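As structure tokens, the structure follows; a few thoughts come after it.
The values are calculated or read from the model by the stated rules, or taken from the named source; none is laboratory data. Here the structure is a predicted model, which is why all the values come from computation and not from measurement. Here the Cβ positions follow ideal geometry from the backbone for every residue, glycine too, while neighbour counts run over all protein chains shown. Side chains are part of the model used for accessible areas, which takes the heavy atoms of the whole protein and leaves out ligands, DNA and RNA. Shrake-Rupley method; radii C 1.70, N 1.55, O 1.52, S 1.80 Å.
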Amino acid sequence: MNLVIDVGNTLVKLAVFDSGILKHKKTCVKTDFLPTLAEFSENFNSITNSIVSSVANLSDHQLSKLEQLGNVLLLDHETKVPFKNKYGTPKTLGIDRIALVSAAAHTYPDTNVLVIDAGTCITYDFLNSENEYLGGAISPGLAMRYKSLHTFTDKLPLLEANNPKALTGNSTATSIHSGVVNGILYEIDGFSKAYKNHYENLTVILTGGDAHFLRDTIKNDIFANSNFLLEGLNHILEYNKH
């Protein structure tokens, strides 16, 4: 069994994979990592390998507890990955993007794939049918757009994300919802169409924290997979066992 750990600034996602199948996952705050790790260790005593993808590093004490379960792979820019990295500045490529492209390489071999990760930022990552990662794009995410309207203006309120009822907003609030949400939807639609114009048989994957909010209103043929990053980390771990 493999244990996959994705460490963010405040939250940690843990997932157990057995023969490539996701068996269990849980999200905890970073301060609850050790009790959650102990829970996983008790419930899944066949864990022998783990991988850590970290935006905010685990402490030495936390890592030592993890190492008691077996081999630990710390994902970085030197880690072997199952694709050819053609990014111009590979050492600046986000670890999360590396994991997403690895998932694309494993799940959709010999295919043109665009992975859209709707999180704090919206990232677009393109892997061609030759298994070459060419790069992509980064834009502000859903919450960031709402916050920027409030932060950089004197009178616009800070709103919670809400799907607009109409294209034309008839109040400040409905105009903000239309601008932010429709702006993202049109952006995703535009990127998808642009890539499809350049690359045949394109597969588009939508993942990330806001994927569930956006997926029901996207018109394009897009596959939503909230576990794509975790699956990518598991593929990297398997790839490095050989």
Checklist entry - In the list THR174, THR111, THR151, which residue meets the criterion of being of a type in the set (S, T, N, Q) and either touching a Phe, Trp or Tyr at 6+ places or on another chain (Cβ under 9 Å) or within 30 Å of LEU202 (Cβ to Cβ) (or both)? => result THR111
Item to check | Looking only at the range 45-54, and only at residues there that are β-branched (Val, Ile, Thr) and assigned to a strand (DSSP E or B), the one that is surrounded by the most Cβ atoms within 10 Å (Cβ to Cβ) | outcome: ILE51
Next on the checklist: Cβ-Cβ distance below 8 Å, separation of 6 or more or different chains: which pairs start in the range 178-199 with a residue that is within 18 Å of ASP117 (Cα to Cα) and in a helix (DSSP H, G or I) and end on one that is open to solvent by 20 Å² or more (accessible area, probe 1.4 Å) and β-branched (Val, Ile, Thr)?
Outcome noted: VAL181/THR217; LEU185/THR217; LEU185/ILE218; ILE188/ILE218; ILE188/ILE222; ASP189/ILE218; SER192/ILE222
Checklist entry - Any idea which of PHE191, PHE213 is open to solvent by 50 Å² or more (accessible area, probe 1.4 Å) and over 30 Å from VAL72 (Cα atoms)? => result PHE191
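Matching residues to (1) without any contact (Cβ under 8 Å) to a residue 60 or more places away in the chain; (2) open to solvent by less than 40 Å² (accessible area, probe 1.4 Å); (3) of a type outside the set (Phe, Trp, Tyr):
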residue: ALA56; (1), (2), (3): yes, yes, yes
residue: SER59; (1), (2), (3): yes, no, yes
residue: SER64; (1), (2), (3): yes, no, yes
residue: THR79; (1), (2), (3): no, yes, yes
Checklist outcome for this item: Looking across the range 9-44 at residues that are under 19 Å from ASP96 (Cα atoms) and among the polar types (S, T, N, Q), the single one that is most open to solvent (accessible area, probe 1.4 Å) is ASN9
Checklist entry - Which residue out of THR168, THR153, THR174, THR203 is surrounded by 15 or more Cβ atoms within 10 Å (Cβ to Cβ), among the polar types (S, T, N, Q) and not in a helix (DSSP H, G or I)? => result THR203
